[in-house]
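**Student:** Sharing a structure with you now.
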Amino acid sequence: MCGIVGYIGPKEIVSVLLGGLEKLEYRGYDSSGIACVLEKEGCAKLVSVKEKGKLISLKGKLAKTKGVSGHLGIGHTRWATHGAPSTENAHPHGDCTGKFFLVHNGIIENYAELKRELIRKGHRFSSETDTEVAVHLIEEYYNGNVLEAFRKAIRRMNGFFAFVMITAHEPGKLFAFKRSNPLVIGIGAGENFVASDVPALLAHTRRVIYLDDNELAVVEKDKVSVLQLESGKPLRKEISVIKWDTRQAEKEGYPHFMLKEIYEQPHVIETTLKALMKSRRVLFENINASVEKRLKKIQRVHFVSCGTAYHAGLVGGYMVEKCVRLSPRTAVSSEFRYENPAINENDLIILITQSGETADTLAALREGKARGALTLAIVNVVGSTIAREADCVIYTHAGPEIGVASTKAYLAQLMVLALFSVYFGQLRGALPAKRANGFMKDFLKLPSQVREVLKQEKVILRCAQQLYQKRNFLYLGRGFNFPNALEGALKLKEISYAHAHGYPAGEMKHGPIALIDQTQPVICLAPFSCTYEKMISNIEEIRARKGIVISIASRGDGEIQKLSHYVFYVPQTEEMISPILTVIPLQLFAYHIACLNDRDVDQPRNLAKSVTVE
Ligand code: AGP
């Protein structure tokens, strides 16, 4: 939910911290700040500057603040959880003495009781945040040994958090801790870094250490020590090398990350197919023999995720039903985790998540594991918490997705789900080889088919120019394309702030048809399918009431043109994978409606890229 950076080394601290925070603003952007060690005449003093608003506000304040310099410091960009977005609530937070400063990502669940205890002991608080409790607790426990005070304070706190702290008592060190929320250490030459996510490091290093839960790190300019929180035992951690190209995390000339990511989708499908399909066979390197053995016995399948990933789970449910002949259930993580699910070792829980850090999905994973279920995560961010805690992980190869509105990650999720369904169907003997081969052939056509759909952007823009002032939109779909009605509505809602609702088209007569009049735009997903005729009937009903019909149709369908005000065509393909194509016009439509309304497309209001709080 928030972005954290830390640095120690020869470079000028302010520019390193701001450069890192720029790459993490997508994680939250309602306020930001830095703190660093001023080395003067042998004694160390800490200074902090923070500001409400986006990073640009902090930069402006720093330009007017003299004497902020040095070679060790921390930075933070915030998405408010406790305490409104404000300068006082911005991180870093300091203790009463000004000798400790700390940044935090996550939630300290017992902060209220700890705050009361610390106030009784005379501590003075300057913010409403839970974070500030942590730094006063460290101050309270400090008696000459910083690391021990840090450990003792952490053991008093419940919840999920990533911390990085600096102190005037040991001015050559960064102190870091990770539990559930991400934290990665960048290994440089004579310098080291700490960050919430890899893009903040790529300008300096590709060599990283992923901290695991309940691990502490003491980071100096030429040494990194990692130890286990409870035992204090030193741990050996392997260094991973990041293969992402720095430019991948940049906009590459597009006006917004979202548009860039929409246009990356053909490449994402290609990369995913290359990674998971070897000579027409589906190969998941992380599904080992013991997992495969369990998959053969699984009796029930549950898809559990949030938002766009939930819509992918709905599509996955239809795919597994078709290929494996099991009847999966798809649940929203925040419901699943509290419903005391009746599951056991015969259940497979498939968690889908772009960030791998969504709090509700992580909690659902832990619920499932605690009940003996087999947990399989479909994740985009390598080394993320959910990826590391699930019994098995399949990575979507979408690369960093910076736009808050998920596009390429969704397409990659659908691709992985299609591949997994074919693999699972064959494993269970439910999908004949001939049928599986047919699917494989269709998969290989997808990159060029996606490119073909993208060529319609101008047609979609012209339609958006006619409709961008509308405030209510209805999306209808059936079967494999019903979830895309929900996804199209979510895309529009979250970046244009217009109201949009997705419905199974068969439900029209049970209420939504009352909405239809000459002012109401209705987006109808109607590619050739076993329910195509039913969709045409729905479109007729809308026409009869003068509704505005925008259809997503199969290339070659002349009929639908006569019934629609606008038609966006997709190549004909197997119904099961048609959602991979039909969602693209919905993404572009939402994008242009938002741009025409001058919205902040990549960082829409009230949202953040990774929802690591409940
Ligand atoms: C989708 O455009 C939204 N940004 C949001 O619904 C998102 O899909 C949801 O928060 C789940 O995130 P995750 O995939 O990282 O778990």
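**Student:** Residues in segment 367-387: is at least one under 26 Å from the mean Cα position of the chain (by Cα), acidic (Asp, Glu) and not in a helix (DSSP H, G or I)?
**Tutor:** Within segment 367-387, none of the residues are under 26 Å from the mean Cα position of the chain (by Cα), acidic (Asp, Glu) and not in a helix (DSSP H, G or I).
**Student:** Return yes when residue 559 is touching a Gly at 6+ places or on another chain (Cβ under 9 Å) and surrounded by fewer than 22 Cβ atoms within 10 Å (Cβ to Cβ) and no when it is not.
**Tutor:** no
**Student:** If I ask for residues that are away from the ligand (no atom under 14 Å from the Cβ) and either within 20 Å of residue 282 (Cβ to Cβ) or aromatic (Phe, Trp, Tyr) (or both), which ones from segment 376-390 would you list?
**Tutor:** 376
**Student:** Report yes if some residue within segment 194-212 is out of contact with any Ser or Thr (no Cβ under 6 Å at 6 or more places or on another chain), on the phi > 0 side of the Ramachandran plot and not polar (S, T, N, Q); otherwise report no.
**Tutor:** no
**Student:** OK, next. For the condition surrounded by fewer than 17 Cβ atoms within 10 Å (Cβ to Cβ) and in contact (Cβ under 8 Å) with a residue 40 or more places away in the chain, what is the one hit in 459, 453?
**Tutor:** 459
**Student:** Pick out, from segment 391-493, the helices (runs of 4 or more DSSP H) lying fully within it that include 2 or more residues that are within 26 Å of residue 572 (Cβ to Cβ), within 16 Å of the ligand (Cβ to nearest atom) and within 17 Å of the chain's Cα centre (by Cα).
**Tutor:** Qualifying helices (runs of 4 or more DSSP H): 408-427.
**Student:** How many residues are aromatic (Phe, Trp, Tyr) and in contact (Cβ under 8 Å) with a residue 12 or more places away in the chain when one looks only at segment 515-537?
**Tutor:** Taking segment 515-537 first, the residues aromatic (Phe, Trp, Tyr) are 528, 532.
From the residues that got through so far, the ones that are in contact (Cβ under 8 Å) with a residue 12 or more places away in the chain too are 528.
Selection size over segment 515-537: 1.
**Student:** Taking segment 376-390 as the region of interest, how many residues are surrounded by fewer than 21 Cβ atoms within 10 Å (Cβ to Cβ) and closer than 20 Å to residue 414 by Cα?
**Tutor:** Residues meeting the conditions: 1.
**Student:** Still on this structure, please answer the following. Exactly one condition in (1) more than 10 Å from the ligand (Cβ to nearest atom); (2) β-branched (Val, Ile, Thr); (3) not in a strand (DSSP E or B) is not met by residue 350; state its number.
**Tutor:** Only one criterion is unmet by residue 350, namely (3).
Conditions tested, residue by residue: (1) touching a residue at least 12 places away in the same chain (Cβ under 8 Å); (2) surrounded by fewer than 24 Cβ atoms within 10 Å (Cβ to Cβ).
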residue	(1), (2)
135	yes, no
139	yes, yes
149	no, yes
154	yes, yes
179	yes, yes
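**Student:** Go through segment 544-556 residue by residue and tally those that are surrounded by fewer than 22 Cβ atoms within 10 Å (Cβ to Cβ) and under 29 Å from the mean Cα position of the chain (by Cα).
**Tutor:** Summing the residues that are surrounded by fewer than 22 Cβ atoms within 10 Å (Cβ to Cβ) and under 29 Å from the mean Cα position of the chain (by Cα) in segment 544-556 gives 0.
**Student:** For segment 275-318, which residues satisfy the criterion of being assigned to a helix (DSSP H, G or I), over 23 Å from the mean Cα position of the chain (by Cα) and not small (Gly, Ala, Ser)? Even if it seems obvious, please write down each step before you answer.
**Tutor:** Here is the first cut: in segment 275-318, the ones assigned to a helix (DSSP H, G or I) are 275-276, 289-297, 307-318.
Then keep just the ones that are over 23 Å from the mean Cα position of the chain (by Cα); that gives 289-297, 318.
Passing the criteria: 291, 292, 293, 294, 295, 296, 297, 318.
**Student:** Every residue in segment 319-336 that is closer than 28 Å to residue 2 by Cβ, more than 9 Å from the ligand (Cβ to nearest atom) and either assigned to a helix (DSSP H, G or I) or more than 19 Å from the chain's Cα centre (by Cα) (or both), please.
**Tutor:** Those that are closer than 28 Å to residue 2 by Cβ, more than 9 Å from the ligand (Cβ to nearest atom) and either assigned to a helix (DSSP H, G or I) or more than 19 Å from the chain's Cα centre (by Cα) (or both): 334, 335, 336.
**Student:** How many residues are among the hydroxyl-bearing types (Ser, Thr, Tyr), under 22 Å from the mean Cα position of the chain (by Cα) and at pLDDT 95 or above if we restrict to segment 1-59?
**Tutor:** The total comes to 1.
**Student:** Within segment 580-601, can you find the residues that are surrounded by fewer than 22 Cβ atoms within 10 Å (Cβ to Cβ) and either within 15 Å of the ligand (Cβ to nearest atom) or not in a helix (DSSP H, G or I) (or both)?
**Tutor:** Matches in segment 580-601: 597, 598, 599, 600.
**Student:** So, one more: Pairs, please: C-beta under 7 Å, at least 6 apart or cross-chain, first residue touching a residue at least 40 places away in the same chain (Cβ under 8 Å) and in segment 487-505, second buried (at least 21 other Cβ atoms within 10 Å of the Cβ) and part of a loop (DSSP other than H, G, I, E, B)?
**Tutor:** From segment 487-505, the pairs are 491/405; 492/498; 494/405; 495/405; 495/601.
**Student:** Which condition breaks for residue 540 when tested against (1) of a type outside the set (Ser, Thr, Tyr); (2) over 35 Å from the mean Cα position of the chain (by Cα); (3) within 24 Å of residue 309 (Cβ to Cβ)?
**Tutor:** All conditions pass for residue 540, except number (3).
**Student:** Check 217, 203 and return the single one that is modelled with pLDDT of 90 or more, more than 30 Å from residue 447 (Cα to Cα) and crowded, with 21+ Cβ neighbours inside 10 Å.
**Tutor:** That would be 217, the only listed residue that is modelled with pLDDT of 90 or more, more than 30 Å from residue 447 (Cα to Cα) and crowded, with 21+ Cβ neighbours inside 10 Å.
For every residue, the table says whether it meets (1) surrounded by 17 or more Cβ atoms within 10 Å (Cβ to Cβ); (2) free of Cβ contacts under 8 Å to residues at least 24 places away in the same chain.
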residue	(1), (2)
59	no, no
64	no, yes
67	no, no
78	yes, no
89	yes, no
94	yes, no
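**Student:** Hey, can you tell me all the residues within segment 45-56 that are over 19 Å from residue 77 (Cβ atoms) and surrounded by 19 or more Cβ atoms within 10 Å (Cβ to Cβ)?
**Tutor:** So the first thing to find is which residues in segment 45-56 are over 19 Å from residue 77 (Cβ atoms), and the list is 45-46.
Selection gives 46 alone.
**Student:** Okay, moving on. With the condition kept exactly as written, say whether any residue in segment 93-101 is at pLDDT below 95 and within 26 Å of residue 610 (Cβ to Cβ).
**Tutor:** No; the residues of segment 93-101 include none that is at pLDDT below 95 and within 26 Å of residue 610 (Cβ to Cβ).
**Student:** What about residue 113, is it over 27 Å from residue 51 (Cβ atoms), of a type outside the set (S, T, N, Q) and touching a strand residue (DSSP E or B) at 6+ places or on another chain (Cβ under 9 Å)?
**Tutor:** The answer is no for residue 113.
**Student:** Checking the conditions here, which among 364, 373, 312 is surrounded by 22 or more Cβ atoms within 10 Å (Cβ to Cβ) and near the ligand (Cβ under 10 Å from one of its atoms)?
**Tutor:** 312
**Student:** While we're here: Considering only segment 276-286, I want to know if a residue exists there that is within 16 Å of the ligand (Cβ to nearest atom), touching a residue at least 24 places away in the same chain (Cβ under 8 Å) and closer than 21 Å to residue 379 by Cβ.
**Tutor:** Checking segment 276-286: not a single residue is within 16 Å of the ligand (Cβ to nearest atom), touching a residue at least 24 places away in the same chain (Cβ under 8 Å) and closer than 21 Å to residue 379 by Cβ.
**Student:** In addition: Looking at segment 494-514, which of its residues are among the acidic types (Asp, Glu) and within 16 Å of the ligand (Cβ to nearest atom)?
**Tutor:** 494
**Student:** Test each condition in (1) assigned to a helix (DSSP H, G or I); (2) surrounded by fewer than 22 Cβ atoms within 10 Å (Cβ to Cβ); (3) of a type outside the set (S, T, N, Q) for residue 238 and report the one that comes out false.
**Tutor:** Single failed check for residue 238: (1).
The values are calculated or read from the model by the stated rules, or taken from the named source; none is laboratory data. This one's a predicted model, so the numbers in the text were calculated from it and none came from an experiment. All Cβ positions, glycine included, derive from the backbone under ideal geometry; neighbour counts span all protein chains shown.
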